[in-house]
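The structure appears right after this line, and notes come after that.
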Amino acid sequence: MGSMSEELSLVPLHRRPELLEACAKLLGEEWGKSRASRLHTLQRSSDAFPTCLLLLRSRGPAEAPAAREGPCQLVGHVRLSRVAGRPRDLFVESVVVARALRGQGYGRRLMEATERWARARGFSCLHLTTHDKQHFYAHLGFVLGEPVQSVAFLSPAIPAEVLRIFSAPPGAATATTTTRPRVPSAPPPPLPPPAAPPPPPPPTVVWARGVLAESSGQSLLETPHRDAKGLPIFWMKKDI
């Protein structure tokens, strides 16, 4: 009798379309929204991003991986999108593990598999947000970060210059091609030399459950950032 083992595989949803309904149910149990809305979002998964990745578990002979078509159990889901102005970064969202399988280490294995998947494709940094799982992500090596702009439904073939335009701050001045004739004017009087700036104060650091961070209004216990509903939200990142 062949040996029985548990095998986990991370597979893009668009490679296993027969799991679309199960994935929509998994997300719906966690965040609600209508089934139609979930299916519409999931059906956009592609190699060109956003990409929905599924952690699948199979129990059987070791030579029958879950990545192949066959009986398997949907363990978790994660969605990856591009980041404006950062062609080697990805934004992680919709991270979820099936409720019946929580507390068994699958969340960590889902994130580790996601890191390997992104790194193998040339990406070097992951960003995410969380309302209350900041300590979990810190344990995986994520640190507090600043907001970035994710860009959905964008092909990686679009150059980085276009991404930088998307991420330009509001009200940024744009260059024009209009030229005006130069009018000679008297040179301005020389300005007095500027005073030397005072030395910056030494950075203050705070500890939050073993994580050291500069005091910038945020820690693993407090964040200055808010989501669209006004709720506190933690921005985190990890170099991979």
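Remarks
- Residues located in the range 76-119, provided they are of a type outside the set (D, E, K, R), part of a loop (DSSP other than H, G, I, E, B) and over 22 Å from VAL151 (Cβ atoms): ALA98, GLY103, GLN104, GLY105
- All positions within the range 23-37 that are modelled with pLDDT of 95 or more and either under 18 Å from the mean Cα position of the chain (by Cα) or open to solvent by 30 Å² or more (accessible area, probe 1.4 Å) (or both): LYS25, LEU27
- Selection over the range 46-57 of residues that are open to solvent by less than 10 Å² (accessible area, probe 1.4 Å) and either over 20 Å from ARG82 (Cα atoms) or in a loop (DSSP other than H, G, I, E, B) (or both) gives a count of 3.
- Cross-chain or 6+ apart pairs with Cβ under 7 Å, the range 130-143 first and touching a residue at least 40 places away in the same chain (Cβ under 8 Å), then open to solvent by less than 40 Å² (accessible area, probe 1.4 Å) and part of a helix (DSSP H, G or I): THR130/TYR137; LEU140/MET111
- Taking each residue of the range 89-100 that is in contact (Cβ under 8 Å) with a residue 12 or more places away in the chain and looking for partners that are part of a strand (DSSP E or B) and open to solvent by 20 Å² or more (accessible area, probe 1.4 Å) with beta-carbon atoms closer than 7 Å, six or more apart or interchain, yields PHE91/SER150; GLU93/ARG79; SER94/ARG79; ALA98/LEU74.
- Every residue from the range 1-22 that is open to solvent by 40 Å² or more (accessible area, probe 1.4 Å) and closer than 24 Å to ARG82 by Cα: HIS14, ARG15, PRO17
- PRO87 being at pLDDT 95 or above and open to solvent by 50 Å² or more (accessible area, probe 1.4 Å): yes
- Selected residue (criterion: surrounded by the fewest Cβ atoms within 10 Å (Cβ to Cβ)) from residues of the range 103-115 that are touching a residue at least 40 places away in the same chain (Cβ under 8 Å) and either in contact with a Lys or Arg (Cβ under 6 Å, 6 or more places away or on another chain) or under 15 Å from ASP239 (Cβ atoms) (or both): GLU115
- Residues in the range 19-44 that are among the basic types (Lys, Arg), part of a helix (DSSP H, G or I) and either in contact (Cβ under 8 Å) with a residue 40 or more places away in the chain or over 14 Å from SER94 (Cβ atoms) (or both): ARG35 only.
- With respect to the conditions (1) modelled with pLDDT under 95; (2) surrounded by fewer than 19 Cβ atoms within 10 Å (Cβ to Cβ), HIS131 lacks only one, and its number is (1).
- Residue list for the range 215-234, filter: open to solvent by 40 Å² or more (accessible area, probe 1.4 Å) and among the hydrophobic types (A, V, I, L, M, F, W, C): LEU221, ALA228, LEU231
- Filter result for ALA66 (open to solvent by less than 10 Å² (accessible area, probe 1.4 Å), modelled with pLDDT under 95 and either in contact with a Lys or Arg (Cβ under 9 Å, 6 or more places away or on another chain) or under 23 Å from PRO147 (Cα atoms) (or both)): yes
The values are calculated or read from the model by the stated rules, or taken from the named source; none is laboratory data. All values derive from a computational prediction rather than experimental measurement. Ideal geometry is used to build each Cβ from the backbone, glycine not excepted, and the neighbour counts take in all protein chains shown. Heads up: the accessible areas ignore ligands, DNA and RNA and are worked out on the full protein's heavy atoms, side chains in. Shrake-Rupley method; radii C 1.70, N 1.55, O 1.52, S 1.80 Å.
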